[in-house]
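The values are calculated or read from the model by the stated rules, or taken from the named source; none is laboratory data. Quick caveat: nothing in here was measured; it's all calculated off a predicted structure. Cβ coordinates were reconstructed from backbone atoms using ideal geometry, including for glycine residues, and neighbour counts include every protein chain displayed. Accessible surface is based on the protein model in full, side chains and every heavy atom, while ligands, DNA and RNA are left aside. Shrake-Rupley method; radii C 1.70, N 1.55, O 1.52, S 1.80 Å.
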Amino acid sequence: MKLIAIRHGETAWNTQGREMGQLDSPLTPLGIQQAHCIARRLKRSSFDVLYSSDLGRSVQTAGIIASTCGMTVNIDEGLRERHMGIFQGLTVAEMRERFPIERQDYERIGFDYVIPGGESARQRLERSVRVLTAIAERHAKDTVVVITHGGFLMGFFEFVLNMQPGNGWRFKRYNGSYNAFQYVDGQWSLEVWNDVSHWDEERL
């Protein structure tokens, strides 16, 4: 089974450095271009099933792909980004000003810190592995595209490569990027990461 994982196109809050979590922000004009670029790439390579997170930025990206490729979008809320609780909608500076203790704990404790009103990176990772593995087992002989989120993908990337949690920041994760994994005999492996060669078509 091949899993092609796409990060949604750029949003307004991405450009402002605001933490979206499970809130939402519309795609920018560049984000819409990114979605069209990846849609054309996917149409050329073909795939069998299309899934998306239920958050608006992913649904908007998936809608462009579905329209271009003649597919139907299957919504799965398990593909959502980490719930960032009290930090959602804020920049890092605003977090430190409004919630100084919680932000310090977030940075100090890291992987296991449960953000008030939200979830921990561990909880997001466990969800990503559970949801993506269920999709893989449901479509054992298919090529499946999922539209999801940067943090969700980064945690799964670290898991597949057996990396120490929190070290994935060393690897870029662009909006609208093409990432591919394989699932064979109950094991995940990485095939492609952060490929944006399709941008060259429109010189993004």
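To the nearest Å, what is the center-to-center distance of region 57-102 and region 24-54, using C-alpha atoms only?
Cα centres, region 57-102 to region 24-54: 15 Å.
On a straight-distance basis, which lysines could pair with Lys141 in a cross-link, Cα separation under 24 angstrom, same-chain partners fewer than 8 positions away excluded?
The qualifying lysines are Lys2, Lys43.
Test of understanding: in a Gaussian network model of the chain with alpha carbons linked when under 10 Å, which of Asn74, Asn162, Asn175 would top the mean-square fluctuation ranking?
Of Asn74, Asn162, Asn175, the Gaussian network model singles out Asn162 as fluctuating most.
Using only the alpha carbons of region 136-196, determine the length spanned along each of the three principal axes and report them from longest to shortest in whole angstroms.
Sorted from largest, the Cα extents of region 136-196 read 32, 25, 16 Å.
Once whole DSSP H runs in the chain are found, which of them have Cα atoms spread over 18 Å or more along the helix axis and a mean Kyte-Doolittle score of at least 0.5? Write down the numbers at each step before the final one.
On the way: long enough: 29-45 (25 Å, -0.45); 56-69 (19 Å, 0.54); 121-138 (25 Å, -0.48).
Flagged H segments are 56-69.
Got a number for carbon plus sulfur as a percent of the chain's accessible area, 1.4 Å probe? Kindly include the intermediate steps, with their values, before the conclusion.
On the way: 4640 of 9680 Å².
The C+S portion of the solvent-accessible surface of the chain is 48 percent.
When every alpha-carbon pair in the chain is counted, what percent end up more than 21 Å apart? Please list the in-between numbers first.
Working: 10510 of 20706 pairs.
Tail of P(r) above 21 Å: 51 percent of Cα pairs.
Show me, bin by bin at 5 Å from 0, the whole-percent P(r) of region 39-103 based on Cα pairs.
The calculated distribution, bin by bin, is 3, 16, 20, 14, 11, 10, 9, 8, 6, 2.
Cα atoms only: what Rg and Dmax, in Å, come out for region 12-76?
Every Cα atom of region 12-76 included, Rg and Dmax give 12.3, 35 Å.
What net charge do the residues around Ser52 carry, taking every other residue with its C-beta under 14 Å from that of Ser52, with Lys and Arg at +1 and Asp and Glu at -1?
Working: positive: Arg7, Arg57, Arg80; negative: Asp24, Asp54, Asp76, Glu77, Glu81.
Residues close to Ser52 contribute a combined charge of -2.
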